[in-house]
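The values are calculated or read from the model by the stated rules, or taken from the named source; none is laboratory data. Keep in mind the model is a prediction, meaning the values are calculated, not measured. Backbone-built Cβ (ideal geometry, glycine too); neighbour counts: all protein chains shown. Quick note on the areas: whole protein, heavy atoms, side chains included, nothing else; ligands and nucleic acids left out. Shrake-Rupley method; radii C 1.70, N 1.55, O 1.52, S 1.80 Å.
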Amino acid sequence: MTSASCLPLVAIDGPAGSGKSTVSKALAERLGVDRLDTGAMYRAVTWAALQRGLDPGDVGAIGSLARQLDLEVGGRIRSDGTDITDAIRSPEVSAAVSAVARNPDVRSVLVGRQRRWVAERGGGVVEGRDIGSVVFPDADLKLYLTASPEERARRRADEDANALARRDRLDSTRSASPLEVAEGAKVLDTTDRTVSEVVEEVMGWL
Ligand code: DC
């Protein structure tokens with residue numbers, strides 16, 4: 001898929017707090033390409049479900065909601081025109097997002113949008129849980145970031161440590177596209193490393 005494109009495509013996966021957002025922003029800037037935060041897309045569908053009083057575990061209702069939503073995922077996140085960039089980081093959304101993310105209908109809608117996003121640009125930096133394993137297995141570079149549980153909890157201080165551990169467990173054990181190290185991915189532990197150290201190492205792999 002990437003051989004015909006002119007820009008590099010980098011897939012970044014890893015658990016919450018592993019450094020995906022920070023590293024993907026810095027790397028996209030360094031490469032002069034756009035960045036897509038796919039977790040924000042799952043969060044946006046979750047926010048919209050809670051807004052409408054829907055049960056996040058209702059597979060049919062949430063699947064059709066995902067199909068209908070007009071999502072904008074640039075610097076700001078918008079759902080049907082409403083700016084929800086901050087709202088999607090609420091504890092309520094974090095607690096419900098894993099139920100939405102295990103819904104195969106939601107995944108197929110969002111994966112389609114993620115592939116279109118890259119096709120329109122010819123490359124980019126895309127971060128999530130299944131980017132290297134499912135969405136872009138032929139990316140130019142696949143990264144899997146890790147960090148110690150203590151460091152990940154520190155980075156996600158806004159989320160209760162037990163809730164964070166529960167979310168990681170659900171995301172790694174679900175049947176639809178669980179979080180896993182993609183074949184051929186470079187595994188990088190970001191625990192004691194600065195962002196620029198990580199970016200320099202990654203640039204050497206491209
Ligand atoms: O990256 P994040 O913590 O904001 O992601 C929120 C949730 O979305 C995460 O708990 C799992 C889900 N997710 C996913 O299932 N697949 C992706 N590609 C990205 C996120």
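Six or more apart or on different chains, Cβ under 8 Å: which pairs go from a residue in the range 118-145 that's closer than 20 Å to Tyr42 by Cβ to one that's in a helix (DSSP H, G or I) and more than 14 Å from the ligand (Cβ to nearest atom)? Could you list them?
Listed pairs, sorted by first residue: Gly124/Ala28; Val125/Leu27; Val125/Ala28; Val125/Leu31; Leu143/Val202.
If Ala48 meets every condition in (1) free of Cβ contacts under 8 Å to residues at least 40 places away in the same chain; (2) surrounded by fewer than 18 Cβ atoms within 10 Å (Cβ to Cβ) apart from one, which number is that one?
If we test Ala48 against (1) free of Cβ contacts under 8 Å to residues at least 40 places away in the same chain; (2) surrounded by fewer than 18 Cβ atoms within 10 Å (Cβ to Cβ), just (2) comes out false.
On the given criteria, is Leu143 modelled with pLDDT of 95 or more, open to solvent by less than 10 Å² (accessible area, probe 1.4 Å) and over 12 Å from the mean Cα position of the chain (by Cα)?
yes
In the set Arg167, Arg156, Arg152, Arg107, which member is modelled with pLDDT under 95, within 17 Å of the chain's Cα centre (by Cα), of a type in the set (Lys, Arg) and open to solvent by less than 20 Å² (accessible area, probe 1.4 Å)?
Only one candidate qualifies: Arg167.
Quick one: how many residues across the range 59-110 are part of a helix (DSSP H, G or I) and either of a type in the set (Gly, Ala, Ser) or free of Cβ contacts under 8 Å to residues at least 40 places away in the same chain (or both)?
Of the residues in the range 59-110, 15 are part of a helix (DSSP H, G or I) and either of a type in the set (Gly, Ala, Ser) or free of Cβ contacts under 8 Å to residues at least 40 places away in the same chain (or both).
If only one of Glu127, Glu197 is part of a helix (DSSP H, G or I) and at pLDDT 95 or above, which one is it?
Unique residue meeting the criteria: Glu197.
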